[in-house]
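The values are calculated or read from the model by the stated rules, or taken from the named source; none is laboratory data. Source: prediction; values computed, not measured. Cβ sites come from the backbone with ideal geometry, for glycine too, and all protein chains shown count toward neighbours.
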Amino acid sequence: MHDTNLIELSNFCSQVRRDIVRMVHAVASGHPGGSLGCTEYITALYQSEMNHSADKFDMDGKGEDLFFLSNGHISPVLYSVLARTGYFEVNELNTFRKLNTRLQGHPTTHEGLPGVRIASGSLGQGLSVGIGAALTKKLNNDSGIIYTLHGDGEIQEGQIWEAALYAAGNKVDNIISCIDYNHKQIDGDIDDVLPLGDLKAKWEAFGWQVMEMDGNNMEQVITTLRHAKAATGKGFPIMIIMKTEMGKGVDFMMGTHKWHGSPPNDEQLKSALSQLEETLGDY
């Protein structure tokens, strides 16, 4: 675990957000909205809270905490954080979504990109994968914790609820899952597409311990993740409902689902970058 202060983490987030908008702009495709909204969470995991090794990556991750990105379309934020945490060279971000790249639009494993342990283009599968990894840890007497991240639109998938039942019924208590609750999905507002109702009550009814946090407040993210870690090993899987703003950090990308999967044009990129400080150096 790295001991990093909030100012350093904030600076890291600013650079990651610059990476995100530059990556999707360069190829005129990709998903900036959710990526920008989840920047604090992914940064907190890799820069502060997870026990992991960037320079000795292997698929098994024995003795380490593992993270599975289930909503794989927000790959830009994952790639930026992985690169700037040392999993691969930062300049490889230049190859995002290009022919023969390791940085596919939705992460895949067959290119062998360090840090990626799941192919997650198809929504709804990551919780099942995470639970399988958590059970493996238990069988191996490995104290590592499994983290998974899901979009709120993804929670409409049936496989999520099968996995939810399984985890609670089998006391899978070494997993900390998180829902990016920004109320937006590809076709509009969650409440207009398929309302999730009382999300906290649903997960509690399925036997999970539920925590809530503001996913764009780094201090709250760190505090909540530490509370969640302290609650592992007590017979319950843990779900964090994380309220975020889609497009966070770029004024014209917030408050709408439009930027779920739309890249900025040249003028919009210029505007976005003017709002995001370059702190660690652009690739």
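If you go through segment 206-227 one residue at a time, do you hit one that is under 18 Å from the mean Cα position of the chain (by Cα), among the basic types (Lys, Arg) and in a helix (DSSP H, G or I)? There is at least one residue in segment 206-227 that is under 18 Å from the mean Cα position of the chain (by Cα), among the basic types (Lys, Arg) and in a helix (DSSP H, G or I). Candidates in segment 42-54 are the residues that are out of contact with any Gly (no Cβ under 6 Å at 6 or more places or on another chain) and in a loop (DSSP other than H, G, I, E, B); of these, the one that is surrounded by the fewest Cβ atoms within 10 Å (Cβ to Cβ) is Ser53. Out of Ala168, Ala201, Ala230, one residue alone is of a type in the set (A, V, I, L, M, F, W, C), modelled with pLDDT of 95 or more and more than 23 Å from Leu123 (Cα to Cα). It is Ala230. When Ile146, Ile160 are screened for being of a type in the set (A, V, I, L, M, F, W, C), touching a strand residue (DSSP E or B) at 6+ places or on another chain (Cβ under 8 Å) and surrounded by fewer than 23 Cβ atoms within 10 Å (Cβ to Cβ), only Ile160 passes.
Residues that are among the polar types (S, T, N, Q) number at least 3 in the following helices (runs of 4 or more DSSP H) confined to segment 59-174: 75-85. Evaluation of Lys98 against the conditions (1) out of contact with any helix residue (DSSP H, G or I) (no Cβ under 7 Å at 6 or more places or on another chain); (2) of a type in the set (Lys, Arg); (3) surrounded by 19 or more Cβ atoms within 10 Å (Cβ to Cβ) shows that the sole unmet condition is (3). Of all residues in segment 230-249, those satisfying the criterion of being farther than 19 Å from Val16 by Cα and among the β-branched types (Val, Ile, Thr) are Thr232, Ile238, Ile240, Ile241.
To keep it simple, each residue is scored yes or no on (1) over 19 Å from the mean Cα position of the chain (by Cα); (2) over 28 Å from Lys258 (Cα atoms); (3) among the hydrophobic types (A, V, I, L, M, F, W, C).
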{"site": "Thr109", "(1), (2), (3)": "no, yes, no"}
{"site": "Pro114", "(1), (2), (3)": "no, yes, no"}
{"site": "Leu123", "(1), (2), (3)": "no, no, yes"}
{"site": "Val129", "(1), (2), (3)": "no, yes, yes"}
{"site": "Lys138", "(1), (2), (3)": "yes, yes, no"}
{"site": "Asn170", "(1), (2), (3)": "yes, yes, no"}
{"site": "Ile179", "(1), (2), (3)": "no, no, yes"}
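Does Gly33 count as within 17 Å of the chain's Cα centre (by Cα), crowded, with 21+ Cβ neighbours inside 10 Å and either at pLDDT 95 or above or over 17 Å from Asp282 (Cβ atoms) (or both)?
Judged against the criteria, Gly33 is a match.
Quick one: would you say Glu219 is under 19 Å from Ala163 (Cα atoms) and surrounded by fewer than 17 Cβ atoms within 10 Å (Cβ to Cβ)? No.
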